[in-house]
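Step one of this worksheet: look at the structure below.
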Amino acid sequence: MAMPIVAIVGRPNVGKSSLLNMLVGRRVSIVEPTAGVTRDRVQVACEHEGFYFDLVDTGGYGIVDRDDLSAEVERQIAVAVREASLIVFVVDGREGVTPLDREVADWLRGRKCPTLLVANKIDAPDMPNELGELPRLGFGEPLPVSALHRRGGPQIKSWIVAHLPTASADSERSPVMNLAIVGRRNAGKSSFINALAGQERTIVSEIPGTTRDAIDVRFELHGQQFIAIDTAGLRKKSRVNDDIEYYGFQRAEQSVRRADVVVLMMDATRDVGRVDKRLARYIADHYKPCIQVVNKWDLAKGRTSTEAFGQYLLEMLPMLDYAPVAFTSAIDGRNIQSVVDLAGSLFKQARCRVSTGRLNRVVNTIMSENVPRPGKGQRPFKVLYATQVAVCPPTLVLFVDDPARIVPGFERFLVHRLRDMLPFAEVPIRLVFRARHAMRGLPNRPERTTER
């Protein structure tokens, strides 16, 4: 029931970033003629005919990266494809089929995911092109578009909406919670897992994750199933001296993306460091429910209080101001069960849905308060209508008079007040602002979501 993901995939320099910018209607991805500009995945919400989905721009498949990060670029592409509900496969319509296009096509066919073949750079209807051989890639007739001249966007989005998966009945039945445990070296992650093993529970299996240093341990506690994702400890980048540690950080980030709830494990005897901040920023940027677990609290007692340490975390990790704090001693199992119970509560909050009527009543109440102004001499914002379009994270679309006037201060104010008044008190809320004209016909459009 989260927003479905649509991955844009192709070899370098076929116009993937330009295509994403065209589809979302603004410049999001960097567009350069130089191959390899896009390395990490760029993800942004997109809407068409009342349906919402996340578009993901990826790096060029097969790129020879000047910084020797080709393997990491392709790993990011693989993650995007694995998480995607739909794929937009982009080729250069002027060049025809290249050997690298065939390689991408062979890989995508193994994914068995609905795939739209897009022939980009068809900038004029009568320009010479090699569309005739593109169907040989195995994805049917290509859709000719020109991202440069903004032609073909509605057809691509109509295809996406027509192929969005619907939520299955099985997705509503006792979902398994994925709980990722991340943190610095020697923070106590292994002790936490071992303490879980000492609780009254059943270990169903230990499954190697997608990487050798992430292990999935399936548990059953009080009739509720969940998977604990154990990851290797991390240290700051300047001390990362080999590939194993470098990719350990990447795998920890991948574990965060897979998780429903993240346990950010910290050592009570050490100051918050660069690794903690980097992980916290990554967790917040991916809208993940999180528990800040301060481990080894038995060693810090007498030197500070839970209230003081909680305030310290708020100052050092403000991006996780929504995340509750728990104090544990994993070595003797103290408060481990309460962390698991808290994770279950966050899991439920992230999956909660409120009615459109209730949401609009809450928003109207908030807007009647002392709302931050957009700037000196400018009139206040107007929120005309609000609706929830997805869960995990709770995703709210707000139709406003002018999205360009939304400032960070107003967004922070709104999120904090929404947490106070809605059942999302301890989980991140994702806000999407839309212009007034996008409301036309909205009440008659069905709501459609899927769970990834």
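The values are calculated or read from the model by the stated rules, or taken from the named source; none is laboratory data. The shown structure was predicted, so the numbers you read here are calculated from the model rather than taken from an experiment. When we count neighbours, we look across all protein chains shown, and the Cβ atoms used for this are built from the backbone with ideal geometry, even at glycine.
Brief remarks on what is shown
- Within the range 126-141, one or more residues are touching a strand residue (DSSP E or B) at 6+ places or on another chain (Cβ under 7 Å), modelled with pLDDT of 90 or more and exposed (fewer than 15 other Cβ atoms within 10 Å of the Cβ).
- Total residues in the range 272-315, condition surrounded by fewer than 16 Cβ atoms within 10 Å (Cβ to Cβ) and of a type in the set (A, V, I, L, M, F, W, C): 3
- When Arg373, Arg361, Arg334, Arg303 are screened for being within 30 Å of Ile406 (Cβ to Cβ) and at pLDDT below 95, only Arg373 passes.
- Taken together, Ser338, Ser329, Ser368, Ser345 contain a single residue that is of a type in the set (Gly, Ala, Ser) and either outside the structural domain of Pro289 (by TED's automatic domain parsing) or on the phi > 0 side of the Ramachandran plot (or both), which is Ser368.
- Answer residue from the range 144-160, given it is among the hydrophobic types (A, V, I, L, M, F, W, C) and surrounded by fewer than 19 Cβ atoms within 10 Å (Cβ to Cβ) and is farthest from Glu49 (Cα to Cα) among those: Leu148
- Segments classed as strands (runs of 3 or more DSSP E), wholly inside the range 3-106, with at least 1 members that are within 17 Å of Leu137 (Cβ to Cβ) and modelled with pLDDT under 90: none
- Filter result (farther than 19 Å from Asp260 by Cα and at pLDDT 65 or above) within the range 181-221: Arg184, Arg185, Asn186, Ala187, Gly188, Ser190, Ser191, Asn194, Ala195
- Check on Ala343, of a type in the set (A, V, I, L, M) and out of contact with any Leu (no Cβ under 7 Å at 6 or more places or on another chain): no
- Residue under evaluation Pro318, criteria (1) at pLDDT 95 or above; (2) closer than 25 Å to Ala2 by Cβ; (3) surrounded by fewer than 15 Cβ atoms within 10 Å (Cβ to Cβ); (4) within 23 Å of the chain's Cα centre (by Cα), criterion not met: (2)
- Residue ID - farthest from Tyr287 (Cα to Cα), chosen from residues in the range 396-414 that are assigned to a helix (DSSP H, G or I), touching a residue at least 24 places away in the same chain (Cβ under 8 Å) and out of contact with any Pro (no Cβ under 6 Å at 6 or more places or on another chain): Pro403
- The number of residues in the range 315-363 that are in a helix (DSSP H, G or I) and not basic (Lys, Arg) comes to 28.
- One residue stands out among those in the range 357-368 that are surrounded by 14 or more Cβ atoms within 10 Å (Cβ to Cβ) and β-branched (Val, Ile, Thr): the one that is nearest to Leu398 (Cα to Cα), which is Val363.
- Residues that are part of a loop (DSSP other than H, G, I, E, B), touching a residue at least 60 places away in the same chain (Cβ under 8 Å) and under 22 Å from Gly344 (Cβ atoms), drawn from the range 277-305: Tyr287, Lys288, Pro289
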